[in-house]
Amino acid sequence: MFIRLLGWLITAAALMAIGAETLASLEANAYRSIALGELWYQLDRESLNLIQATTQRYLWPLLWDGITFILLQPAWLVLGITGPLMVIIFRKQNKKRRRR
C-alpha cells in the first residue's frame, strides 16, 4: 500500500513538473525542458552530491553514468513513467474464492 501511495505522489510530482516546465517555456518564449537532475539540484543539492559520491566511491563508478543518463531526461517524463508503473505493479489484487 505504501509503494502504491508513493506512486500516486510521484505521479502528482510529474504533473507539477509539467506545469513548471510549461511556465518556464512561456517565460522564455521557447521550449524550456527541466531535467530531473536540475529539479533534484534545485530541491536538495546536498543529497544529489551525496548520492553521486556514494555511488562512485562505494558501489560502482560506472553505475553513476547510468544514473546521469536518467537525471538528464525531462523530469515529467521520468516521474510520469515511474509513478504510474508503481501504481499499476502494486495495485490491489482481487482475491476471488473458487468453489470446488
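The values are calculated or read from the model by the stated rules, or taken from the named source; none is laboratory data. Small disclaimer: the values here were computed from a predicted structure and weren't measured. Backbone-built Cβ (ideal geometry, glycine too); neighbour counts: all protein chains shown. We work out accessible area using only protein heavy atoms, side chains counted, and drop any ligands, DNA or RNA first. Shrake-Rupley method; radii C 1.70, N 1.55, O 1.52, S 1.80 Å.
Among the residues making up the range 18-33, those that are in a helix (DSSP H, G or I), open to solvent by 30 Å² or more (accessible area, probe 1.4 Å) and over 18 Å from Val78 (Cα atoms) are Leu23, Leu26, Glu27, Ala28. Residue count for the range 76-86 under the criterion of being open to solvent by 70 Å² or more (accessible area, probe 1.4 Å) and under 13 Å from Ser33 (Cβ atoms): the result is 1. Is there any pair with a first residue in the range 50-67 that is within 17 Å of Trp40 (Cβ to Cβ) and a second that is among the small types (Gly, Ala, Ser) and assigned to a helix (DSSP H, G or I) whose Cβ atoms are under 8 Å apart and which are 6 or more apart or on different chains, and what are they? Partner pairs satisfying both residue conditions: none exist. Residue count for the range 50-75, restricted to those that are under 15 Å from Gly37 (Cα atoms), open to solvent by 90 Å² or more (accessible area, probe 1.4 Å) and either modelled with pLDDT of 95 or more or not in a helix (DSSP H, G or I) (or both): 3.
Quick grid of which residues meet (1) farther than 27 Å from Trp8 by Cβ; (2) hydroxyl-bearing (Ser, Thr, Tyr):
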{"site": "Tyr41", "(1), (2)": "no, yes"}
{"site": "Ser47", "(1), (2)": "no, yes"}
{"site": "Gln52", "(1), (2)": "yes, no"}
{"site": "Thr55", "(1), (2)": "yes, yes"}
{"site": "Tyr58", "(1), (2)": "yes, yes"}
{"site": "Ile67", "(1), (2)": "no, no"}
{"site": "Leu77", "(1), (2)": "no, no"}
{"site": "Val87", "(1), (2)": "no, no"}
{"site": "Gln93", "(1), (2)": "no, no"}
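Scanning the range 34-43 for residues that are open to solvent by 60 Å² or more (accessible area, probe 1.4 Å) and either in contact with a Leu (Cβ under 7 Å, 6 or more places away or on another chain) or in contact (Cβ under 8 Å) with a residue 40 or more places away in the chain (or both) turns up at least one hit. The set of residues in the range 1-33 that are in contact with an Asp or Glu (Cβ under 8 Å, 6 or more places away or on another chain) and in contact (Cβ under 8 Å) with a residue 12 or more places away in the chain contains only Ser33. Within the option set Leu9, Leu39, being at pLDDT 95 or above and aliphatic (A, V, I, L, M) holds for one residue only, Leu9.
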